[in-house]
Amino acid sequence: MTEARPRVLVVDDHPLFRFGLCTVLAAEPSVDLVGEAATGAEAIAAARELAPDVVVMDVHLPDMTGIDAARAIVGERLGTGVLVLTMFNDSESVFAAMRAGARGYLLKGSGQDEIVRAVHAVGRGEAIFGPDIATRVLGFFNAGPEVPGPVFPELTVREREVLALIADGVSNSGIATRLSLSPKTVRNHVSSIFTKLHVADRAQAIVRARKAGLGDGH
């Protein structure tokens, strides 16, 4: 019996990445790409109009988090599965996505075949995680039932996003590009992070962030 082609909506605010992902999925004969969106509001409206089987969703969006958008979409239409595809691999984002109803969580950089397999799995109602994410999830369940709280709760969500990129060694200009922020806004966020974490410089911030599970060190 031939597996049904899942109807897929792609949501990502980065034009080049969104274009590349749409190109890959449009060329895949086992997938039916039905639309794309760049913001959370657009994603919710498109999901309402197009009734996709799977929404491939980034965590970072300009008007709201992809997690909030996923919660709204799943809340309106339980039959739609959300596959998070993002660069954020911290525990807070993973478990927040799961609580919002996401069925899958992959990191950007995953291979095309892995993404297509994940789309089909989520379309079938299965839960699927990339290898690094699966290790985090299994570690959580092996450790006990308590859901971890936010990393550095004194920081805002945006500041934690910036700190995660700092921990990965991304420069201020690189952070501005990835998060679609002005250089001045990034500098303000970095200054606020240093103050709240009581660190003197970038090196100390990286050490604290990686000890908390952010960045390439974990």
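The values are calculated or read from the model by the stated rules, or taken from the named source; none is laboratory data. Everything numeric here is computed off the predicted structure, so don't read it as measured data. Positions of Cβ are backbone-derived with ideal geometry, glycine not excepted, and every protein chain shown enters the neighbour counts. Keep in mind that these areas ignore ligands, DNA and RNA; they rest on the heavy atoms of the full protein, side chains included. Shrake-Rupley method; radii C 1.70, N 1.55, O 1.52, S 1.80 Å.
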inquiry  = I want to confirm something. Restricting to the range 28-78 and keeping residues that are among the basic types (Lys, Arg) and not in a loop (DSSP other than H, G, I, E, B), which single residue is most open to solvent (accessible area, probe 1.4 Å)?
reply    = Arg48
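Give the residue that is farthest from Val55 (Cα to Cα), with candidates limited to residues of the range 121-133 that are assigned to a helix (DSSP H, G or I) and open to solvent by less than 20 Å² (accessible area, probe 1.4 Å).
Going through the range 121-133, the residues assigned to a helix (DSSP H, G or I) turn out to be 121-123, 131-133.
Those left that are additionally open to solvent by less than 20 Å² (accessible area, probe 1.4 Å): 121-122, 133.
Working: Ala121: 12, Val122: 9, Ile133: 19 Å.
Ranking the candidates gives Ile133 first.
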message = Pairs needed: first member in the range 111-126, modelled with pLDDT under 95; second member anywhere, in a helix (DSSP H, G or I); C-beta distance under 6 Å; at least 6 residues apart or different chains.
response = Gln112/Val24
request  = Considering (1) open to solvent by less than 40 Å² (accessible area, probe 1.4 Å); (2) modelled with pLDDT of 90 or more; (3) part of a loop (DSSP other than H, G, I, E, B); (4) farther than 21 Å from Leu61 by Cβ, say which one Gly169 fails and leave the rest.
outcome  = (1)
Checking Asp53 against (1) in contact with a Pro (Cβ under 9 Å, 6 or more places away or on another chain); (2) free of Cβ contacts under 8 Å to residues at least 12 places away in the same chain, the condition it does not meet = (2)
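Looking at Thr80, Thr135, Thr156, which one is hydroxyl-bearing (Ser, Thr, Tyr) and at pLDDT 90 or above?
Numbers: Thr135 fails: at pLDDT 90 or above; Thr156 fails: at pLDDT 90 or above.
Exactly one residue qualifies, and that residue is Thr80.
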request  = Within the range 94-110, work out how many residues are in contact with a Gly (Cβ under 9 Å, 6 or more places away or on another chain) and either in a strand (DSSP E or B) or surrounded by 22 or more Cβ atoms within 10 Å (Cβ to Cβ) (or both).
outcome  = 7
query = For the range 173-192, does any single residue satisfy the condition of being assigned to a helix (DSSP H, G or I), in contact with a Pro (Cβ under 9 Å, 6 or more places away or on another chain), open to solvent by 40 Å² or more (accessible area, probe 1.4 Å) and modelled with pLDDT of 90 or more?
reply = yes
query = Taking into account only those residues within the range 195-216 that are farther than 17 Å from Phe88 by Cα and open to solvent by less than 40 Å² (accessible area, probe 1.4 Å), which is nearest to the chain's Cα centre (by Cα)?
reply = Ala205
